[in-house]
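Before any comments, here is the structure.
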Amino acid sequence: MSDDYIFDVKNVTLRFGGVVSLNDVSLHQNRGEILAVIGPNGAGKTSLFNSLTGVYRPQVGTITFSGEPGHSVSVIGRKPHLLNGAGIARTFQASRMFSALTTYENVKIGAESHKGLGAVGAMLGGPATRRGEKLSDSRTWELLDFVGLRAEANTLSASLSYGARRRLEIARGLATNPKVLLLDEPAAGTNPAEKLELTSLIRKVRDRMGVSILLIEHDMKMVMSLAERLYVLNFGGVIAEGTPEEIRANDAVVVAYLGSSDTGEAAQPSPSETEDTDAQG
Ligand SMILES: Nc1ncnc2c1ncn2[C@@H]1O[C@H](COP(=O)(O)OP(=O)(O)OP(=O)(O)O)[C@@H](O)[C@H]1O
Ligand SMILES: [Mg+2]
């Protein structure tokens with residue numbers, strides 16, 4: 001059987017002037033997978049998300065999104081709202097909902113609506129209607145139930161706890177019926193109990209809705225319990241890929257997180273430095 005990737009990123013390089021945010025990044029996400037991207041601050045994780053969602057335009061490489069098996073689109077050069085319509089939804093590292101609206105209103109106007117126009121414009125039929133319509137009442141309630149916020153439907157979102165805000169952002173992402181949901185530090189600012197709630201909610205999004213999950217998260221306990229596979233970025237490049245067990249045991253990852261190596265010993269040669277013996281030949 002051939003590979004079934006929802007995202008296929010090949011040799012992507014993204015520069016801002018002299019800063020290389022992504023350096024020849026190649027990675028893929030299997031359809032239905034909970035995949036994580038980890039790495040130190042400034043490693044390029046959010047830049048990757050921005051490239052996958054059309055916010056940034058890498059100078060080099062290709063990004064292919066396949067919302068359905070056998071149907072794929074090229075991401076680079078496409079606008080964020082078109083990619084959102086094609087099935088790519090995201091939450092942001094910093095909260096971007098309308099704090100003057102209630103929980104219910106925030107879900108109803110949809111995740112797309114925060115772009116460009118203010119809350120009033122969105123409520124009056126601004127960009128939420130770009131995709132056709134606001135969410136129906138029944139679908140809004142369904143999503144509030146799904147994320148456990150029915151009881152807080154009429155609470156101003158500014159008054160919600162951090163954990164509830166994060167769940168609201170996930171509901172807003174789901175409002176566009178995505179095939180993949182990109183979560184940029186979904187547990188930032190939350191307490192341990194809220195982290196556990198978010199962990200099971202994210203798993204439920206994949207298991208019950210069939211939405212693939214791409215996750216950036218600094219909390220190692222959370223990321224290792226959720227992710228089926230991980231990529232590690234450092235200085236814009238992929239330095240490791242593997243299952244949680246493989247990543248925990250990876251020396252390069254340990255060094256990247258602890259800063260420079262203090263072992264003082266010669267490093268093992270990496271596979272690319274060893275002689276190519278072509279043992280099969
Ligand atoms: N719009 C931009 N203009 C200039 N430089 C940028 C821009 N976006 C990102 N960068 C640079 O790209 C590099 C990677 O940043 P990025 O935000 O992707 O890191 P990150 O891994 O998400 O970090 P963090 O864990 O702190 O969120 C940084 O050096 C950053 O300054
Ligand atoms: Mg970031």
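All of the numbers you see were taken from the coordinates with simple rules; none came from a lab. These numbers were taken from a predicted model, which means no experiment stands behind them. Note that we place each Cβ from the backbone using ideal geometry, even for glycine, and neighbour counts take in every protein chain shown.
Just subtract the alpha-carbon distance of residue 55 and residue 154 from 0.36 nm times their residue separation and send over the number in nm, one decimal.
Details: separation 99, 0.36 × 99 = 35.64 nm, distance 3.20 nm.
Value of the extension gain: 32.4 nm.
Using θ = phi - 60° in the Karplus curve 6.51 cos²θ - 1.76 cosθ + 1.60, the 3J(HN,Hα) couplings for region 43-52 round to 5, x, 5, 5, 4, 4, 4, 5, 6, 6 Hz; x is entered for Gly and Pro. Spatial offset of region 84-103 relative to region 185-254 amounts to 20 Å, using the alpha carbon center of each.
In this structure, residue 139 and residue 245 have a Cβ-Cβ separation that, at R0 = 51 Å, corresponds to a calculated FRET efficiency of about 0.85. Computed from backbone phi with θ = phi - 60° and the Karplus coefficients 6.51, -1.76 and 1.60, the 3J(HN,Hα) list for region 76-92 is 5, x, 8, 6, x, 5, 6, 5, 4, x, 7, x, 10, 10, 8, 10, 9 Hz; x is used for glycine and proline. The slack in the chain from residue 218 to residue 257, taken as 0.36 nm per residue of separation less the alpha-carbon distance, amounts to 13.0 nm.
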